[in-house]
Amino acid sequence: MKAIVLFGSPGSGKGTQAKVLTRCLKVPHISTGDMLREHIRQGDRLGSAVAARMQSGALVSDEVVEALVEERLAMPDAAGGFVLDGYPRTLAQADHLGRLLDGRGIREMVIYLAVDYNVVIARLTGRRQCPRCGTLYNIVSKPPRDDMRCDLDGEKLVIRDDDREPVIRERLEAYERQTRPVLEHLRLAGRRVVEVDASNDPPDAVSRKICQALECDDRSENCR
Ligand code: ADP
């Protein structure tokens, strides 16, 4: 069972690392942020209920995300493992997940991506996205080849709504206030937590560190 929980502040690279890990371990990537955005995109009741909070950078209610995660983890493709990205983010969510996993006899590994605050700010304010294919760029560390257009389809890059400065501030505040304490809570509860320094290394090097921590075979093609 490969049960991985990626933990870290906004901009710590959880999404990027989750994609590498899911390819390498062949388990699904379960991102609460992506699931919530999908509901908003579909314009269903849940999406309308969470849209305002998400756009302001605040967390949505525990009940909503707990139900989403519980339902998702019960799907057959998650039976052999999963990479959870963006959950848990509050003490209540941590306890909910602990109960869920303990109930199924699963021992998860929490990977904490530790990133310096100033690096996080630079990453989030410089982030640009292709509105058509979703590819992420950064004006400093990963600029597109051609003046603010996507390398893949030439579409003009945009700033994601929640990457605008006031929203970034709110997201980071929510992290400090509600999410950071979860780490100590998990450690005290005896969950396995591994800290990986993810401030300065390129994504590949961070992936290798994670693979070492997981003792997975980082030489395999799939892990590259
Ligand atoms: P990031 O980690 O960069 O902030 P995410 O895509 O993980 O981005 O999350 C985007 C937004 O979705 C959050 O700001 C929050 O509003 C909501 N969200 C995602 N996961 C959770 C969660 N576990 N609990 C509450 N809100 C969440």
Requested in this report: Could you list, in sequence order, all residues of segment 40-74 that are in contact (Cβ under 8 Å) with a residue 40 or more places away in the chain, of a type outside the set (D, E, K, R) and under 30 Å from K2 (Cβ atoms)?
Outcome: M54, L59, L73
Query raised in the report: Does any residue of segment 20-34 turn out to be in contact with a Gly (Cβ under 6 Å, 6 or more places away or on another chain) and in a helix (DSSP H, G or I)?
Result: yes
Report task. Consider R123 carefully, then state whether it is within 11 Å of the ligand (Cβ to nearest atom), more than 12 Å from K14 (Cα to Cα) and in a loop (DSSP other than H, G, I, E, B). Result -> no
Report task. Pull up segment 57-95, narrow it to residues that are at positive phi and part of a loop (DSSP other than H, G, I, E, B), then point me to the one that is surrounded by the most Cβ atoms within 10 Å (Cβ to Cβ). Result -> G86
Report summary line: Those residues of segment 150-200 which are open to solvent by 90 Å² or more (accessible area, probe 1.4 Å), within 15 Å of G134 (Cβ to Cβ) and not in a loop (DSSP other than H, G, I, E, B) amount to K156, D161
Requested in this report: State which residue is most open to solvent (accessible area, probe 1.4 Å) when the search covers only segment 96-112 and only residues that are free of Cβ contacts under 8 Å to residues at least 12 places away in the same chain and assigned to a helix (DSSP H, G or I).
Outcome: R99
Report task. Identify all residues within segment 161-178 that are near the ligand (Cβ under 8 Å from one of its atoms) and free of Cβ contacts under 8 Å to residues at least 24 places away in the same chain; write none if there are none. Result -> none
Report task. Could you please give the count of residues in segment 75-95 that are without any contact (Cβ under 8 Å) to a residue 40 or more places away in the chain and within 12 Å of the ligand (Cβ to nearest atom)? Result -> 1
Report task. Please specify each residue of segment 1-22 satisfying the condition of being over 18 Å from K142 (Cα atoms), away from the ligand (no atom under 11 Å from the Cβ), open to solvent by 10 Å² or more (accessible area, probe 1.4 Å) and at pLDDT 90 or above. Result -> T22
Query raised in the report: What number of residues within segment 57-74 are under 27 Å from E170 (Cα atoms) and either away from the ligand (no atom under 14 Å from the Cβ) or among the β-branched types (V, I, T) (or both)?
Result: 4
Query raised in the report: Which of the residues belonging to segment 37-56 are within 10 Å of the ligand (Cβ to nearest atom) and open to solvent by less than 10 Å² (accessible area, probe 1.4 Å)?
Result: V50
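The values are calculated or read from the model by the stated rules, or taken from the named source; none is laboratory data. The structure displayed is predicted, hence computed values, not measured ones. Glycine gets a Cβ as well: all are built from the backbone with ideal geometry, and neighbour counts include every protein chain shown. Surface areas here come from the heavy atoms of the whole protein model, side chains and all, with no ligands, DNA or RNA. Shrake-Rupley method; radii C 1.70, N 1.55, O 1.52, S 1.80 Å.
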